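Novice: My questions will all concern the structure given below.
The values are calculated or read from the model by the stated rules, or taken from the named source; none is laboratory data. In this text, all values refer to a predicted model and were calculated from it rather than measured experimentally. Cβ placement follows ideal geometry from the backbone for every residue including glycine, while neighbour counts extend to all protein chains displayed. These area figures cover heavy atoms from the full protein model, side chains too; ligands, DNA and RNA do not enter into them. Shrake-Rupley method; radii C 1.70, N 1.55, O 1.52, S 1.80 Å.
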Protein chains: 2
Amino acid sequence: MTQKRSTWQKVAVREELGERSGFISAQQLHAEMVAAGQKLGLTTVYRALTDMVESGEADALTGSDGETRYRICGQEHHHHLICNVCGKTVEFELPGFEAATKALALSHGFQEVSHSIELFGTCSDCPRG
Amino acid sequence: MTQKRSTWQKVAVREELGERSGFISAQQLHAEMVAAGQKLGLTTVYRALTDMVESGEADALTGSDGETRYRICGQEHHHHLICNVCGKTVEFELPGFEAATKALALSHGFQEVSHSIELFGTCSDCPRG
DNA sequence: TTTGGTTCGATAATGATTTTCAGTAAGGAG
DNA sequence: CTCCTTACTGAAAATCATTATCGAACCAAA
(Lines give C-alpha, C1' and ligand atoms only; values in the text may rest on other atoms or scores of the structure.)
Protein backbone atom coordinates (compact mmCIF):
# COMPACT_ATOMS: atom_id res chain seq x y z
CA MET A 1 0.00 0.00 0.00
CA THR A 2 1.02 3.55 -0.54
CA GLN A 3 2.55 4.92 2.58
CA LYS A 4 3.93 8.42 3.04
CA ARG A 5 7.62 8.91 3.36
CA SER A 6 9.17 11.65 5.37
CA THR A 7 11.58 13.67 3.31
CA TRP A 8 13.64 16.70 4.20
CA GLN A 9 11.57 18.69 1.74
CA LYS A 10 8.34 17.95 3.52
CA VAL A 11 9.92 18.62 6.87
CA ALA A 12 11.30 21.90 5.59
CA VAL A 13 7.90 23.02 4.33
CA ARG A 14 6.28 22.08 7.62
CA GLU A 15 8.91 23.99 9.56
CA GLU A 16 8.79 27.04 7.34
CA LEU A 17 5.02 27.15 7.62
CA GLY A 18 5.18 26.57 11.34
CA GLU A 19 7.35 29.62 11.84
CA ARG A 20 4.54 31.85 10.68
CA SER A 21 1.45 33.04 12.45
CA GLY A 22 -0.60 33.93 9.39
CA PHE A 23 -1.68 32.51 6.09
CA ILE A 24 0.81 32.38 3.24
CA SER A 25 0.51 31.26 -0.37
CA ALA A 26 2.38 28.30 -1.79
CA GLN A 27 4.19 30.56 -4.23
CA GLN A 28 5.31 32.95 -1.55
CA LEU A 29 6.40 30.19 0.80
CA HIS A 30 8.42 28.59 -1.98
CA ALA A 31 10.01 31.90 -2.94
CA GLU A 32 11.11 32.54 0.62
CA MET A 33 12.51 29.05 1.08
CA VAL A 34 14.53 29.39 -2.11
CA ALA A 35 15.68 32.84 -1.06
CA ALA A 36 16.78 31.30 2.23
CA GLY A 37 18.98 28.89 0.34
CA GLN A 38 16.80 25.78 0.32
CA LYS A 39 16.76 24.14 -3.07
CA LEU A 40 13.36 22.62 -3.72
CA GLY A 41 10.78 22.78 -6.44
CA LEU A 42 7.52 24.66 -6.46
CA THR A 43 5.70 21.46 -7.30
CA THR A 44 7.05 19.87 -4.17
CA VAL A 45 5.86 22.73 -2.01
CA TYR A 46 2.37 22.37 -3.44
CA ARG A 47 2.42 18.65 -2.79
CA ALA A 48 3.67 19.05 0.75
CA LEU A 49 1.04 21.66 1.54
CA THR A 50 -1.73 19.58 0.01
CA ASP A 51 -0.63 16.61 2.09
CA MET A 52 -0.68 18.71 5.23
CA VAL A 53 -4.19 19.94 4.51
CA GLU A 54 -5.39 16.40 3.92
CA SER A 55 -3.85 15.18 7.12
CA GLY A 56 -5.35 18.08 9.03
CA GLU A 57 -2.04 19.66 9.91
CA ALA A 58 -2.82 22.81 7.98
CA ASP A 59 -5.77 24.90 6.87
CA ALA A 60 -6.25 26.14 3.32
CA LEU A 61 -8.09 29.35 2.57
CA THR A 62 -8.93 30.43 -0.98
CA GLY A 63 -9.11 34.20 -1.18
CA SER A 64 -11.17 36.31 -3.52
CA ASP A 65 -8.09 36.79 -5.71
CA GLY A 66 -8.08 33.08 -6.43
CA GLU A 67 -4.89 32.43 -4.53
CA THR A 68 -4.91 29.72 -1.89
CA ARG A 69 -3.13 30.43 1.37
CA TYR A 70 -2.05 27.93 4.00
CA ARG A 71 -1.50 27.92 7.71
CA ILE A 72 -0.51 25.44 10.39
CA CYS A 73 -3.36 24.63 12.76
CA GLY A 74 -4.77 22.13 15.17
CA GLN A 75 -7.28 19.53 14.14
CA GLU A 76 -10.15 20.69 16.32
CA HIS A 77 -12.94 22.53 14.61
CA HIS A 78 -12.35 26.26 14.66
CA HIS A 79 -12.61 29.47 12.69
CA HIS A 80 -10.23 32.29 11.86
CA LEU A 81 -9.84 35.93 12.68
CA ILE A 82 -7.47 37.35 10.07
CA CYS A 83 -5.64 40.66 9.87
CA ASN A 84 -6.06 42.25 6.47
CA VAL A 85 -2.77 44.08 6.78
CA CYS A 86 -0.17 41.70 8.18
CA GLY A 87 -2.02 38.42 7.78
CA LYS A 88 -1.81 37.51 11.45
CA THR A 89 -4.36 34.86 12.30
CA VAL A 90 -6.15 33.98 15.50
CA GLU A 91 -8.19 30.82 15.87
CA PHE A 92 -11.43 30.98 17.76
CA GLU A 93 -14.55 29.04 18.53
CA LEU A 94 -18.04 30.35 18.83
CA PRO A 95 -19.95 28.33 21.39
CA GLY A 96 -23.59 27.99 20.47
CA PHE A 97 -23.10 29.22 16.96
CA GLU A 98 -22.52 25.78 15.55
CA ALA A 99 -25.90 24.66 16.82
CA ALA A 100 -27.60 27.84 15.71
CA THR A 101 -26.41 27.56 12.12
CA LYS A 102 -27.31 23.91 11.96
CA ALA A 103 -30.82 24.62 13.23
CA LEU A 104 -31.20 27.44 10.75
CA ALA A 105 -30.10 25.27 7.87
CA LEU A 106 -32.41 22.46 8.91
CA SER A 107 -35.31 24.88 9.08
CA HIS A 108 -34.71 25.56 5.42
CA GLY A 109 -34.66 21.87 4.62
CA PHE A 110 -30.89 21.61 4.25
CA GLN A 111 -28.95 18.65 5.53
CA GLU A 112 -25.32 17.61 5.88
CA VAL A 113 -24.49 21.20 6.67
CA SER A 114 -20.99 22.56 6.90
CA HIS A 115 -20.01 26.17 7.29
CA SER A 116 -17.28 28.61 6.53
CA ILE A 117 -16.76 31.52 8.86
CA GLU A 118 -13.91 33.98 8.57
CA LEU A 119 -13.57 37.34 10.27
CA PHE A 120 -11.35 39.97 8.71
CA GLY A 121 -10.07 43.12 10.33
CA THR A 122 -7.02 45.11 11.29
CA CYS A 123 -5.06 43.84 14.26
CA SER A 124 -3.67 45.99 17.03
CA ASP A 125 -0.14 45.81 15.63
CA CYS A 126 -1.09 47.34 12.31
CA PRO A 127 -1.99 50.95 11.54
CA ARG A 128 -5.66 51.57 10.98
CA GLY A 129 -6.71 52.65 7.50
CA MET B 1 -15.71 61.86 -15.49
CA THR B 2 -16.29 58.27 -16.43
CA GLN B 3 -19.94 57.47 -16.35
CA LYS B 4 -21.54 54.12 -17.09
CA ARG B 5 -23.47 53.55 -20.26
CA SER B 6 -26.37 51.18 -20.56
CA THR B 7 -25.98 48.56 -23.26
CA TRP B 8 -28.14 45.64 -24.24
CA GLN B 9 -25.33 43.32 -23.24
CA LYS B 10 -25.29 44.53 -19.66
CA VAL B 11 -29.07 44.37 -19.49
CA ALA B 12 -29.00 40.84 -20.87
CA VAL B 13 -26.47 39.69 -18.28
CA ARG B 14 -28.48 41.26 -15.48
CA GLU B 15 -31.65 39.58 -16.68
CA GLU B 16 -30.03 36.20 -17.19
CA LEU B 17 -28.54 36.33 -13.73
CA GLY B 18 -31.81 37.51 -12.26
CA GLU B 19 -33.63 34.47 -13.58
CA ARG B 20 -31.59 32.21 -11.37
CA SER B 21 -31.86 31.43 -7.69
CA GLY B 22 -28.33 30.19 -7.14
CA PHE B 23 -24.74 31.10 -7.81
CA ILE B 24 -23.39 30.65 -11.31
CA SER B 25 -19.95 31.15 -12.80
CA ALA B 26 -19.21 33.74 -15.46
CA GLN B 27 -18.18 31.01 -17.88
CA GLN B 28 -21.36 29.03 -17.36
CA LEU B 29 -23.58 32.09 -17.63
CA HIS B 30 -21.88 33.07 -20.86
CA ALA B 31 -22.21 29.57 -22.28
CA GLU B 32 -25.93 29.49 -21.56
CA MET B 33 -26.52 32.92 -23.03
CA VAL B 34 -24.71 31.93 -26.20
CA ALA B 35 -26.63 28.66 -26.32
CA ALA B 36 -29.82 30.69 -26.00
CA GLY B 37 -28.87 32.61 -29.09
CA GLN B 38 -27.44 35.79 -27.58
CA LYS B 39 -24.22 36.83 -29.29
CA LEU B 40 -21.91 38.40 -26.75
CA GLY B 41 -18.35 37.88 -25.67
CA LEU B 42 -17.06 36.19 -22.58
CA THR B 43 -15.08 39.31 -21.77
CA THR B 44 -18.25 41.33 -21.73
CA VAL B 45 -19.94 38.95 -19.33
CA TYR B 46 -17.00 39.24 -16.95
CA ARG B 47 -17.13 43.01 -17.16
CA ALA B 48 -20.88 43.17 -16.63
CA LEU B 49 -20.69 40.89 -13.60
CA THR B 50 -17.81 42.82 -12.10
CA ASP B 51 -19.76 46.04 -12.51
CA MET B 52 -22.76 44.52 -10.80
CA VAL B 53 -20.68 43.37 -7.87
CA GLU B 54 -19.17 46.84 -7.53
CA SER B 55 -22.54 48.49 -7.60
CA GLY B 56 -23.88 46.03 -5.05
CA GLU B 57 -26.38 44.44 -7.39
CA ALA B 58 -24.72 41.05 -7.15
CA ASP B 59 -22.65 38.96 -4.80
CA ALA B 60 -19.45 37.21 -5.79
CA LEU B 61 -18.29 34.04 -4.13
CA THR B 62 -14.91 32.47 -4.85
CA GLY B 63 -14.99 28.76 -4.28
CA SER B 64 -12.13 26.49 -3.27
CA ASP B 65 -11.77 25.45 -6.90
CA GLY B 66 -10.77 28.99 -7.76
CA GLU B 67 -13.89 29.69 -9.78
CA THR B 68 -15.90 32.77 -8.91
CA ARG B 69 -19.67 32.49 -8.91
CA TYR B 70 -22.18 35.31 -8.98
CA ARG B 71 -25.71 35.87 -7.81
CA ILE B 72 -28.23 38.69 -7.79
CA CYS B 73 -28.92 39.99 -4.31
CA GLY B 74 -30.24 42.84 -2.28
CA GLN B 75 -28.00 45.43 -0.76
CA GLU B 76 -28.83 44.68 2.86
CA HIS B 77 -26.25 42.76 4.81
CA HIS B 78 -26.92 39.05 4.69
CA HIS B 79 -25.32 35.64 4.42
CA HIS B 80 -25.89 32.58 2.26
CA LEU B 81 -27.10 29.06 2.69
CA ILE B 82 -26.01 27.18 -0.40
CA CYS B 83 -26.94 23.78 -1.76
CA ASN B 84 -23.86 21.80 -2.72
CA VAL B 85 -25.78 19.82 -5.32
CA CYS B 86 -28.02 22.19 -7.24
CA GLY B 87 -26.56 25.51 -6.16
CA LYS B 88 -29.83 26.86 -4.81
CA THR B 89 -29.20 29.74 -2.45
CA VAL B 90 -31.12 31.12 0.48
CA GLU B 91 -30.24 34.42 2.09
CA PHE B 92 -30.47 34.70 5.82
CA GLU B 93 -29.57 36.90 8.73
CA LEU B 94 -28.35 35.83 12.09
CA PRO B 95 -29.60 38.27 14.70
CA GLY B 96 -27.11 38.66 17.49
CA PHE B 97 -24.32 37.01 15.62
CA GLU B 98 -23.11 40.24 14.07
CA ALA B 99 -22.63 41.74 17.51
CA ALA B 100 -21.06 38.57 18.86
CA THR B 101 -18.42 38.39 16.15
CA LYS B 102 -17.63 42.06 16.45
CA ALA B 103 -17.19 41.75 20.20
CA LEU B 104 -14.99 38.72 19.74
CA ALA B 105 -12.81 40.49 17.21
CA LEU B 106 -12.51 43.56 19.38
CA SER B 107 -11.47 41.41 22.32
CA HIS B 108 -8.54 40.28 20.22
CA GLY B 109 -7.64 43.86 19.35
CA PHE B 110 -9.00 43.78 15.84
CA GLN B 111 -10.85 46.72 14.33
CA GLU B 112 -12.75 47.48 11.15
CA VAL B 113 -14.05 43.96 11.21
CA SER B 114 -15.93 42.35 8.37
CA HIS B 115 -16.95 38.74 8.14
CA SER B 116 -17.68 36.03 5.67
CA ILE B 117 -20.21 33.38 6.60
CA GLU B 118 -21.44 30.73 4.25
CA LEU B 119 -23.36 27.59 5.08
CA PHE B 120 -23.21 24.65 2.71
CA GLY B 121 -25.49 21.65 2.66
CA THR B 122 -27.90 19.62 0.60
CA CYS B 123 -31.32 21.12 0.07
CA SER B 124 -34.60 19.25 0.32
CA ASP B 125 -34.97 19.05 -3.46
CA CYS B 126 -31.72 17.18 -3.93
CA PRO B 127 -30.94 13.56 -3.05
CA ARG B 128 -28.81 13.10 0.02
CA GLY B 129 -25.38 11.61 -0.48
C1' DT C 1 23.91 -3.85 -5.19
C1' DT C 2 19.69 -5.03 -7.27
C1' DT C 3 14.75 -4.46 -6.92
C1' DG C 4 10.43 -2.09 -6.45
C1' DG C 5 8.40 1.34 -5.05
C1' DT C 6 7.91 6.58 -3.74
C1' DT C 7 9.28 11.30 -4.33
C1' DC C 8 11.50 15.14 -6.83
C1' DG C 9 11.35 18.81 -9.85
C1' DA C 10 11.94 21.02 -14.50
C1' DT C 11 8.74 21.76 -17.87
C1' DA C 12 4.44 21.61 -20.31
C1' DA C 13 -0.39 21.90 -19.88
C1' DT C 14 -4.65 23.66 -17.94
C1' DG C 15 -8.18 26.82 -17.01
C1' DA C 16 -10.14 30.94 -15.14
C1' DT C 17 -9.60 35.73 -15.48
C1' DT C 18 -7.45 39.98 -17.43
C1' DT C 19 -5.40 42.84 -20.79
C1' DT C 20 -4.95 44.59 -25.54
C1' DC C 21 -6.54 47.23 -29.02
C1' DA C 22 -9.09 48.25 -33.06
C1' DG C 23 -13.75 48.67 -34.33
C1' DT C 24 -18.65 49.87 -32.57
C1' DA C 25 -22.12 52.56 -30.63
C1' DA C 26 -24.22 55.31 -26.46
C1' DG C 27 -25.78 59.89 -25.62
C1' DG C 28 -24.98 64.71 -25.19
C1' DA C 29 -24.01 68.92 -27.99
C1' DG C 30 -25.15 71.63 -31.76
C1' DC D 1 -31.24 64.62 -36.84
C1' DT D 2 -26.05 64.56 -37.21
C1' DC D 3 -21.63 64.89 -35.22
C1' DC D 4 -18.44 64.12 -31.89
C1' DT D 5 -16.34 62.22 -27.75
C1' DT D 6 -15.42 58.40 -25.34
C1' DA D 7 -17.09 54.28 -23.07
C1' DC D 8 -18.05 49.62 -24.62
C1' DT D 9 -17.38 45.37 -27.14
C1' DG D 10 -15.07 41.16 -28.16
C1' DA D 11 -11.52 38.14 -30.47
C1' DA D 12 -7.22 36.99 -29.46
C1' DA D 13 -3.11 37.15 -26.66
C1' DA D 14 -1.30 37.51 -22.06
C1' DT D 15 -1.37 36.35 -16.96
C1' DC D 16 -1.02 33.51 -13.21
C1' DA D 17 -1.91 30.05 -9.85
C1' DT D 18 -2.19 25.29 -9.87
C1' DT D 19 -1.86 20.55 -11.88
C1' DA D 20 -0.17 16.91 -14.85
C1' DT D 21 3.91 14.62 -17.05
C1' DC D 22 7.58 11.72 -16.76
C1' DG D 23 12.38 10.59 -16.41
C1' DA D 24 15.84 10.97 -12.67
C1' DA D 25 16.85 10.55 -7.83
C1' DC D 26 16.15 8.17 -3.59
C1' DC D 27 14.94 4.86 0.13
C1' DA D 28 14.33 0.52 2.33
C1' DA D 29 15.20 -4.02 2.23
C1' DA D 30 16.30 -8.56 0.23
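Novice: Across peptide B:97-105, what mean number of C-beta atoms from other chains lies inside 10 Å of a residue's C-beta?
Specialist: 4
Novice: Any chance you could give the angle, 0 to 90 degrees and rounded to 10, that helix B:8-18 forms with the longest Cα principal axis of chain B?
Specialist: 50 degrees
Novice: For chain B, what is the charge dipole size about the Cα centre, in debye to the nearest 20, if Lys and Arg each add +1 at the Cβ and Asp and Glu each add -1 at the Cβ? Walk me through the intermediate numbers first.
Specialist: Numbers: 12 positive and 17 negative charges, 76 e Å.
In debye, rounded to 20, chain B gives about 360.
Novice: Could you work out the mean count of beta carbons from other protein chains within 10 Å of each residue's beta carbon in B:81-87?
Specialist: The per-residue average across the peptide is 3.
Novice: Compute a Gaussian network model of chain B, connecting alpha carbons closer than 10 Å, and tell me which residue from B:Thr101, B:Thr68, B:Thr89 fluctuates the most.
Specialist: In the Gaussian network model the winner is B:Thr101.
Novice: Sort B:Arg69, A:Arg47 by heavy-atom solvent-accessible area, probe 1.4 angstrom, most to least. List each step's numbers first, then the result.
Specialist: On the way: B:Arg69 70, A:Arg47 145 Å².
Sorted by accessible area, descending: A:Arg47, B:Arg69.
Novice: Can you sort B:Lys88, A:Lys39 by 1.4 Å-probe accessible area, starting with the largest?
Specialist: A:Lys39, B:Lys88
Novice: Here's something else I'd like to know. How many nanometers, to one decimal and shortest first, lie between the label point of B:Glu91 and those of its other copies, if labels sit 7 Å from Cα toward Cβ?
Specialist: The answer, with the shortest distance listed first, is 3.5 nm.
Novice: Now for a different question. Can you pull out the cysteines in chain A that have no other Cys Cβ under 4.7 Å?
Specialist: Singleton cysteines: A:Cys73, A:Cys86, A:Cys126.
Novice: May I ask you to list the residues of segment B:101-129 whose amide nitrogen lies under 16 Å from a point 7 Å from Cα along the Cα→beta-carbon direction of B:Cys86?
Specialist: The answer is B:121-129, whose backbone nitrogens lie closer than 16 Å to the label point.
Novice: Got a sec? Which residues in segment B:48-67 would a label at B:Thr2 touch, if it sits 7 Å along Cα→Cβ and we count backbone N under 14 Å?
Specialist: B:48, B:50-52, B:54-55
Novice: With all protein chains present, calculate the accessible area of A:His108 using a 1.4 Å probe and round the result to the nearest 10 Å².
Specialist: Taking all protein chains as shown, A:His108 has close to 80 Å².
Novice: Please arrange A:Thr43, A:Thr50, B:Thr2 by accessible surface area, largest first, computed with a 1.4 Å probe and ligands excluded.
Specialist: From most accessible down to least: B:Thr2, A:Thr43, A:Thr50.
Novice: A further question on this structure: Under a point-charge model restricted to the Cβ atoms of Lys and Arg (+1) and Asp and Glu (-1), what is the dipole moment magnitude of the protein assembly as shown relative to its Cα centre, in debye to the nearest 20?
Specialist: Roughly 640 debye for the protein assembly as shown.
Novice: Something else now. Run the reach check for B:Lys39 against lysines, Cα to Cα strictly under 29 Å, same-chain hits fewer than 8 apart removed. What comes back?
Specialist: B:Lys4, B:Lys10, B:Lys88
Novice: Report relative contact order for segment A:79-121 in percent, whole number only (criteria: Cα-Cα under 8 Å, sequence separation at least 6). Walk me through the numbers before you get to the answer.
Specialist: Values: 36 pairs, mean separation 23.6, N = 43.
About 55 percent, as a whole number.
Novice: Need the list of aspartates and glutamates near A:Lys102 for cross-linking: C-alpha distance under 14 angstrom, and skip anything on the same chain fewer than eight residues off.
Specialist: In chain and number order, the partners are A:Glu112, B:Glu93, B:Glu118.
Novice: At what distance in angstrom do the alpha carbon centres of segment A:76-129 and segment B:6-67 lie from each other?
Specialist: Between the Cα centres of segment A:76-129 and segment B:6-67 lies a distance of 29 Å.
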